[in-house]
Structures are given as C-alpha cells and as structure tokens.
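Have a look at the structure below, then the notes.
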Amino acid sequence: MRIPYDVESFPLGKGPMVMLVLFLISCLFIFAPAEEKGENVEFWIFANTHYEEYQARVPIFEALHPEVNVQLINYGGTMHDKLLTALLSDFGAPDVVEVEITSIGRFLKGDIDEVGFVDLRPRLESEGWMEKLVVSRFTPWSYKGKIFGIPHDLHPVVLLYRDDLFKAAGVEMTEIETWNDFIAAGKKASRDLDGDGKIDQYAIVLDRRTESDYFNLLLQRGGGFFDADGNVVIDSEIAIETLEFLTSLFNQHKIATPVYGTWHGDPSNFAAMQDGKILSVLAPDWYVGILKSQVPQMAGKWKAIGMPAWEVEGRRTTTRGGTMIGITKQCKNPDLAWDLLKFAYFDKAGLINRYETTRIIPPLKDAWDAPIYKEPDAYLGGQPLGELFIELAPDLPPRYQNPYWSEAADLLNDAIFNAVTEKQTPREALTELAEKVRALIAKDQERWGEGIIDENGTE
Amino acid sequence: MKMERNRSSFWHQQQKIAPYLFIAPFYILFIVFMGYPLISSLILSFYEMRGFQSRIFVGFANFTDLFRDPIFWKSLWNTTYFALGTLVLQLPIALLLAILLNAKFVKGKNFLRLAFFAPVLVAGVFVAIIFNLIFDQRAGLINNEFILFGKEIGWLSEGKYVMPAVILTGVWQWAGFNMIYFLAGLQGIRQELYEAAAVDGANWWQSFVHITLPSLRPVIAFVVVVSMIGSFQLFDLPYILTNGGEPADAGSTIVMYLYKNGFQFMRLGYAATIGWVLFIIIAIISIAQLKLLGIFREE
C-alpha cells in the first residue's frame, strides 16, 4: 500500500510527522468521552491478597447492582501516599478505600471534622452492626468518637511452635499457661546443637528492631502507646515492665533470638525455621497464611496454642496488624459505597473464601458458625486452627488509634533496639520516648491553639 | 499603503515573537512542573500543616527545629558518610575498572564492559532485596563465605555496619556505570601523548599521573559532581535494605527523613524545609567541588 502523501515534504521530515501523529492519537484517547455504564465506584486497595479476593467478588456485586461499575485499583505499598496526596489536594480520591492500621494515624491529623473519611458510626448504629462485630476492633479506626472504617479482620495472635522439637527437649507445650512457664520450658529447649558453646536453637524468635513483638506483649497486658483519650502512656509501669521482660528473654534467659533478616517474613527467617533454629513465634492469623504459602514444606511441623498469659487465667492473645474499609468525603454516592462496604466485609460467602485463601478470621461474629473454621488444618498437623482463633477472638485487647502513631512508632523502634542491645535501660528508653512524643504533641497544640482533649473526646 | 505597513509590522512582530513561541513549551512545562512547586515548597517551609485543610504560619520555626533535631543530624551524617564512601571507594574502583578495560592485554572487553555495567539496569528495590539476603548476619552469603576480621558481622543489625553495607551495595550497583564515563574519557586521550612520553622515558605511573589524570579532569569533575548529587539524594536503596532506616536510624538518609516527615507524619512544612536545606547543601558542595577541580578556571 502506498501512503497518498509524500512524507518527506512534511516540514522537518519524517520523524516530527510520526511524533505529531502519535500525539494526535494520544489526544484522541485522552479526550474521548469515557464509555458510560451507569455509576462508577472507585475502590483502592494496597494488599495483593485482598485485590485477588475482590477481583472474584466484584462481578457478583455488579450483578446485584446492574447500573454500577466498580473500578478496582491495586496500588500496592504506595497506595497510602497516593491517598494522602488526593485528600490533600481535594481531588482524585477514590470513593471506597482500604487503609492499613499503622497508616491510618496520619489521616486523622488536624480538626476532626476535616478528616477525609465519612463517619460511619450513624450507619453502623442505625443498622445494628455494632452488636454483630467484635467491638474492640473498632478502636484502631476510631478517633474522638467517630468511626472512620469498618474492620476487615481481628488478627488474633497465637503461639505457633515446633511440637516435635519441644517434645524432644521434654516439653509438653499444651501445658504452658503463663510466660513464667514458657521461660522454664524455653530454657530446656534452647540448646547448643553443634557443641561450639553458642546457643543455636532458640525457644522463640522476637523482633528487636521494630515495635512488633513488644507491642504484641504490651497490648496483651492491656497497655498501649496512647490510651483511649489520646494521652501518651508508653512510660507507664506496665510498659516499662513489659520492655524489661522482652529484654530479659534475650539477655538474661537467653531463650530468644532476634529475627533473622529484617522482619518475621524475611526469607532468611524462614530458612532458620526450616533449620530448626527457631522453635516458636508469635503468629497472627495472617502470618500463618504467609507461612503456608512461603514455606509449604513445613506443613505438619507446627502446632498452635494461645499466647502464654501474664498471670494464671490471664488473656491468651493479642492483636497484630489490620485493615479497614472506609468511604472518603469525595465520594458522590455514599449510599452505594456503603452497600459495597457491606458486601465486601459482611457477606458470609465472601468471608469463607477469605479464610480459605488467607486464614483471616472476620470480626463478624455471626460468621463464626461456618463449618470451615472447625476444619482440621493440615499445615498444623490436623489441628483446627480456626477454632482456636475464634475461641480467643472475644478477648482481643483494644488498640487505640492516634494521629501521632507514625512518629511514635518510629521513635519506639529506636527505644526497643536501644533497650534490647543494652544501650539504655528500658525505663530510660521509654521515659525519654514519652517525653519526646509529649513535647511533639504539645508543640502542635500550642501552634494550633488546641486544648487537651477531655474525657468525652471533645475539645 | 496603510495595509502594506500593517502587514510589514505584522511580519516584524511575528519575527520577534516566533523564537519565544518555539521555546515556550519548555518554559510552560518548567513553570508548571518545576517553578511553581519550587516556589510553593519554599513558602510551605515557613508553614506547618494542621491536618488536611489548613496551615499555620510558623516563621523560621521549621528551620530552627531542624537544626536541633538529632535524627536530621544523624541522617545528614549517614548521607555524608555514603557520599564519602562513594568518593573514596566507588569512584577509584570505577576508574580502575575503566583503565583495565581500556588496556590492550585484557581479552573479552565488550563482554566485561557489559557485565560491569549491567547492575545499574537492575532496579534499586531488587538490588536492596538481594543484598538484604547477602548481608544477613547468620544466613547471609558474606558472613558464611568470608569470615572477615574473625567474627560474624551484623551488617544490617548493628548500627556501625549499616552504612558500610549500603556503601558496598552502592559500589556494586554504580561503579560499572561510572566506569563508562571514565572509559569514554580515556578513549578521548590522544595516543600520541603516551607515545611522546614513552620516547622521553616515562614509565607507566608517570604517564598515568601526568597524562591520564590531567586529561580526565573534566570527566572526573563531571562524575564526582553527579555522584555527589546522587549520593545526597540517596533513598530507595537504604529504605528497603534497612527497612526504613533501622536499627535506631542507623540507615536513615536525608531524603528518607524528608519522605517520612512528608508522607508518614503529615508534616509537609517540615519536609519542605528538609528539602530546601538539602538543596543548599548540594549547591554548596557542587560549587566547591567544581572550584577545587578547576572547572571555573579559564584555560
């Protein structure tokens, strides 16, 4: 075919002409009117496993609402930054969005009425959802009396342990009730395997670089960084004692090893588990899901019990991680978004599918009767793991949210590392930390002319 | 008559305006995407956000806070440490590689050049993930294969080894890239100079010091300045390698601290201040280097 135009006669030759044509075609795509198919709902996600779940579920929702088109967008780890920019510029935010528990704090800064999410409390209360959900799970998504998200999960934590290796050391883990019992058992099981005088098999693996395991222990005891009223309580006696305890597991009792690599999900940590160097780990439900997919060859070697308690009959669990779903204030049809929220989080068929793929237990109590949660789990040698999680779920401690969580956690990581590596005593580290964070908040309040929040959560 | 004058003035005007129209696209894009943000961020550095909707004028408070902020100083030191590591370790290695791969006796030069250049094609995030495994204290390749100084080094778990680990990773990733600049510079040196020196009885070292290095001066200046700017903007490699600067900010850099303040702590004013202070630091260092290397000197 011959082009009926002499391309060489185009000013400046062929190259610029090709560029011009490409430019015009791009403009055509950009300015072409989008295909109208009823109403659009944009839904942003940061977790791949959630994205896969919703990809399968959205067509069902669209079939129930034929006029609706759900745009599912998975931005991965950068989603929270994009959401922050969209809310700051008052433009481009999605209608519906999932937010991660350590990231929500920054979105609560400033005046409570200017927070970018719709307060869901009126809808939750008028439709009776509050009673149907585990109420302590609203605390991470609530601030000053408003609820900005529905909890995706409970994330109860259990002690996952190597039954074979503890038994070989003469320990029956199902008899463990308290942390003191665990220390005694751990001393028996932590051993030097190759005779070089150094312990290489540790009773437990704990993170000393970040707040993760310290916070597991602190929440279990009913402590926290902030209390329900937003006060800094990280220098309370309970917080100091807990850090002293964590430090003693490493330095005094020598039954804990720091995480291999940077966190519990690091490949080198999994390698150490396979080598039998790690006998137990504090595992939320989602971590069991990660283990199953990353180290399937360890199937049958693990068992689970509730966490050892701080006192006899004490709480046997804590909570780690979490996600919420919320509606942004830029959403044009909150009623439709609300329907999508309920479909994604409260539909029992969807929740069963979620447990099958991720081992995540839902906060919706009605859903716990489903037979799937009682099924034996092959990864745990036939132990019905779901049953254990559901047994622990009602006892979950609250985790109070605060706009200063990100700054606080960043400094808390340093304090824990300094205490465990004996650069500071736990008391020094936490007292200094609490002073820093209080000063930070006081300075902002002084600038903003804000008073201290009173007990009713009003200014 | 009148019409003619109009027409000629139109031509006259048009000729005056046309050049500006031709360069307009660049300036419009520059103003929208660079100029406006620059000025806006300078203004922002005198404010602090109060949530998402309002901001408060704080004068120079962000600057005075910054100079009293121990994490900023730690991040500045870490970044400077990396920049120095680049200067004394990475660039000499790059130059050495360039000289070797320019030498006549080396075989398979093209393959080796590609091999040394290849790491720069790998995204920083993947490099960080791979080196995370390599540097692991107990399971990592380095500690298992080379027992350095007779002990197991906590590359990423002990504060003092964190930045050396980042520098070594930087060497692996960037030395080959800088090698290409040096190689281009070496190939531009006239062969007759070496021949003349050889006739005068100069040995290899003498010709290196008196011919190669002086001839490479513009290339060295360029590579040093660009590497220093890149070093001070270091972010993704340590962010992944040290999981956000851990332990205890041992791996924190200026841009990482800027990112944390802006996006994690919602302190956009403070983040803008860090950005401007970083800009001033880079500007001073670059000018000083160019002066030292004699680039402003008239030949």
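The values are calculated or read from the model by the stated rules, or taken from the named source; none is laboratory data. The structure presented is a predicted model; accordingly, all values stated were derived computationally and were not measured. In this analysis, Cβ positions are derived from the backbone assuming ideal geometry, glycine residues included, and neighbour counts consider all displayed protein chains.
Based on this model, can you work out whether A:A415 counts as surrounded by fewer than 23 Cβ atoms within 10 Å (Cβ to Cβ), of a type in the set (A, V, I, L, M) and not in a loop (DSSP other than H, G, I, E, B)? Before the answer, list the steps.
On the way: surrounded by fewer than 23 Cβ atoms within 10 Å (Cβ to Cβ): no; of a type in the set (A, V, I, L, M): yes; not in a loop (DSSP other than H, G, I, E, B): yes.
In short, no.
Can you spot a residue in the range A:209-222 that is within 14 Å of another protein chain (Cβ to nearest Cβ), in contact (Cβ under 8 Å) with a residue 60 or more places away in the chain and of a type in the set (G, A, S)?
So far as the range A:209-222 goes, yes, one or more of its residues are within 14 Å of another protein chain (Cβ to nearest Cβ), in contact (Cβ under 8 Å) with a residue 60 or more places away in the chain and of a type in the set (G, A, S).
When you look at A:T328, is it at pLDDT 95 or above and within 14 Å of chain B (Cβ to nearest Cβ), yes or no? Steps first, answer last, please.
Numbers: at pLDDT 95 or above: yes; within 14 Å of chain B (Cβ to nearest Cβ): yes.
Judged against the criteria, A:T328 is a match.
Give the residue that is modelled with the highest pLDDT, with candidates limited to residues of the range A:267-304 that are within 14 Å of chain B (Cβ to nearest Cβ) and touching an Asp or Glu at 6+ places or on another chain (Cβ under 8 Å).
It comes out as A:K277.
Identify all residues within the range A:193-208 that are closer than 21 Å to B:E158 by Cα and surrounded by fewer than 10 Cβ atoms within 10 Å (Cβ to Cβ); write none if there are none.
Result: A:K198, single match.
Scan the range A:109-120 and report the pairs whose first residue is more than 17 Å from A:L83 (Cα to Cα) and within 11 Å of chain B (Cβ to nearest Cβ) and whose second residue is modelled with pLDDT of 90 or more and surrounded by fewer than 22 Cβ atoms within 10 Å (Cβ to Cβ), with Cβ atoms within less than 7 Å and a gap of 6+ or a chain change.
Cβ pairs passing all conditions: A:I112/A:K144; A:I112/A:K146.
Restricting attention to the range A:279-296, and to residues there that are crowded, with 23+ Cβ neighbours inside 10 Å and touching a helix residue (DSSP H, G or I) at 6+ places or on another chain (Cβ under 6 Å), which single residue is farthest from A:N216 (Cα to Cα)?
My answer is A:L279.
Let me spell it out: the conditions are (1) β-branched (V, I, T); (2) exposed (fewer than 12 other Cβ atoms within 10 Å of the Cβ); (3) without any contact (Cβ under 8 Å) to a residue 24 or more places away in the chain, and A:V171 meets all of them except one. Which number is the exception?
The single condition A:V171 does not satisfy is (2).
Scan the range B:220-249 for residues that are within 14 Å of chain A (Cβ to nearest Cβ), touching a Leu at 6+ places or on another chain (Cβ under 9 Å) and either touching a residue at least 60 places away in the same chain (Cβ under 8 Å) or crowded, with 20+ Cβ neighbours inside 10 Å (or both) and report the count.
Residues that pass the stated criteria total 5.
Specify which of the listed residues (B:W205, B:W276) is away from chain A (no Cβ under 14 Å), closer than 28 Å to A:R447 by Cα and not charged (D, E, K, R). I'd like the intermediate steps shown before the answer.
On the way: B:W205 fails: closer than 28 Å to A:R447 by Cα.
Testing whether each residue is away from chain A (no Cβ under 14 Å), closer than 28 Å to A:R447 by Cα and not charged (D, E, K, R) leaves just B:W276.
In the range A:232-277, what residues are polar (S, T, N, Q), part of a loop (DSSP other than H, G, I, E, B) and surrounded by 15 or more Cβ atoms within 10 Å (Cβ to Cβ)? First the steps, then the outcome.
At the first step, the residues of the range A:232-277 found to be polar (S, T, N, Q) are A:236, A:242, A:247-248, A:251-252, A:257, A:262, A:268-269, A:274.
Going one step further and asking which of them are part of a loop (DSSP other than H, G, I, E, B), we end up with A:236, A:252, A:262.
Within the range A:232-277, A:S236, A:T262 meet the criteria.
Give me the pairs, please: first residue somewhere in the range B:106-118 and without any contact (Cβ under 8 Å) to a residue 60 or more places away in the chain, second residue anywhere and assigned to a loop (DSSP other than H, G, I, E, B) and among the hydrophobic types (A, V, I, L, M, F, W, C), beta-carbon distance under 8 Å, and either six or more positions apart or on two chains.
From residues that are without any contact (Cβ under 8 Å) to a residue 60 or more places away in the chain, the pairs are B:K109/B:L101; B:L112/B:L101; B:L112/B:V106.
What is the residue count in the range A:300-347 for residues that are among the hydrophobic types (A, V, I, L, M, F, W, C) and either in a loop (DSSP other than H, G, I, E, B) or within 30 Å of A:T174 (Cα to Cα) (or both)?
The number of residues fulfilling the criteria is 8.
Among the listed residues A:V157, A:V171, identify the single one that is outside any loop (DSSP other than H, G, I, E, B), farther than 29 Å from A:I441 by Cα and away from chain B (no Cβ under 14 Å).
Numbers: A:V171 fails: outside any loop (DSSP other than H, G, I, E, B).
Of the residues listed, the single one that is outside any loop (DSSP other than H, G, I, E, B), farther than 29 Å from A:I441 by Cα and away from chain B (no Cβ under 14 Å) is A:V157.
Could you run through the range A:418-432 and say how many residues are surrounded by fewer than 24 Cβ atoms within 10 Å (Cβ to Cβ), within 12 Å of chain B (Cβ to nearest Cβ) and part of a helix (DSSP H, G or I)?
2
Output the residues belonging to the range B:19-43 that are over 30 Å from A:D444 (Cβ atoms), more than 14 Å from chain A (Cβ to nearest Cβ) and of a type in the set (A, V, I, L, M, F, W, C).
The first filter runs over the range B:19-43 and keeps only residues over 30 Å from A:D444 (Cβ atoms), leaving B:19-35.
Restricting the remaining residues to those that are more than 14 Å from chain A (Cβ to nearest Cβ) gives B:19-21, B:23-24, B:26-35.
Matches in the range B:19-43: B:L21, B:I23, B:A24, B:F26, B:I28, B:L29, B:F30, B:I31, B:V32, B:F33, B:M34.
Hey, among B:F72, B:F46, B:F57, B:F82, which residue is within 14 Å of chain A (Cβ to nearest Cβ), touching a Leu at 6+ places or on another chain (Cβ under 7 Å) and surrounded by 11 or more Cβ atoms within 10 Å (Cβ to Cβ)? So that I can check it myself, show each step before the final result.
Working: B:F46 fails: touching a Leu at 6+ places or on another chain (Cβ under 7 Å); B:F57 fails: touching a Leu at 6+ places or on another chain (Cβ under 7 Å); B:F82 fails: within 14 Å of chain A (Cβ to nearest Cβ).
Matching residue, one of B:F72, B:F46, B:F57, B:F82: B:F72.
Within the set of pairs 6 or more residues apart or between chains, which connect a residue that is under 13 Å from A:T317 (Cβ atoms) inside the range A:374-391 to a residue that is charged (D, E, K, R) and assigned to a helix (DSSP H, G or I) with Cβ atoms less than 6 Å apart?
So the pair list comes out as A:F389/A:D285.
For B:S41, work out the one condition from (1) touching a Gly at 6+ places or on another chain (Cβ under 9 Å); (2) among the hydroxyl-bearing types (S, T, Y); (3) at pLDDT below 85 it doesn't fulfil.
Of the numbered conditions (1) touching a Gly at 6+ places or on another chain (Cβ under 9 Å); (2) among the hydroxyl-bearing types (S, T, Y); (3) at pLDDT below 85, the odd one out for B:S41 is (3).
Between A:A393, A:A349, A:A367, which is small (G, A, S) and modelled with pLDDT under 90?
After applying the criteria, what remains is A:A349.
Can you go through A:A393, A:A370, A:A378 and tell me which one is in contact with a Leu (Cβ under 8 Å, 6 or more places away or on another chain), surrounded by fewer than 21 Cβ atoms within 10 Å (Cβ to Cβ) and more than 14 Å from every other protein chain (Cβ to nearest Cβ)? Don't jump to the end; show me each part of the working.
Working: A:A393 fails: surrounded by fewer than 21 Cβ atoms within 10 Å (Cβ to Cβ); A:A378 fails: in contact with a Leu (Cβ under 8 Å, 6 or more places away or on another chain).
Sole residue among the options that is in contact with a Leu (Cβ under 8 Å, 6 or more places away or on another chain), surrounded by fewer than 21 Cβ atoms within 10 Å (Cβ to Cβ) and more than 14 Å from every other protein chain (Cβ to nearest Cβ): A:A370.
Give just the number: which of (1) part of a loop (DSSP other than H, G, I, E, B); (2) in contact (Cβ under 8 Å) with a residue 40 or more places away in the chain; (3) within 14 Å of another protein chain (Cβ to nearest Cβ) does B:Q137 not satisfy?
Going through the list (1) part of a loop (DSSP other than H, G, I, E, B); (2) in contact (Cβ under 8 Å) with a residue 40 or more places away in the chain; (3) within 14 Å of another protein chain (Cβ to nearest Cβ), B:Q137 breaks only (2).
Every residue, every condition in (1) assigned to a loop (DSSP other than H, G, I, E, B); (2) in the same structural domain as A:I60 (by TED's automatic domain parsing); (3) under 21 Å from the mean Cα position of the chain (by Cα); (4) not aromatic (F, W, Y), yes or no:
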residue: A:A349; (1), (2), (3), (4): no, yes, no, yes
residue: A:N353; (1), (2), (3), (4): no, yes, yes, yes
residue: A:T357; (1), (2), (3), (4): no, yes, yes, yes
residue: A:I361; (1), (2), (3), (4): yes, yes, yes, yes
residue: A:D366; (1), (2), (3), (4): no, yes, no, yes
residue: A:I372; (1), (2), (3), (4): no, yes, no, yes
residue: A:L388; (1), (2), (3), (4): no, no, yes, yes
residue: A:E391; (1), (2), (3), (4): no, no, yes, yes
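What pairs come out if I take residues in the range B:58-84 that are closer than 16 Å to A:D444 by Cα and pair them with residues that are of a type in the set (A, V, I, L, M) and assigned to a helix (DSSP H, G or I) whose C-beta lies under 8 Å away, six or more apart or interchain?
Between residues of the range B:58-84 that are closer than 16 Å to A:D444 by Cα and residues that are of a type in the set (A, V, I, L, M) and assigned to a helix (DSSP H, G or I), the close pairs are B:N62/B:A272; B:F63/B:V277; B:L66/B:I274; B:L66/B:V277.
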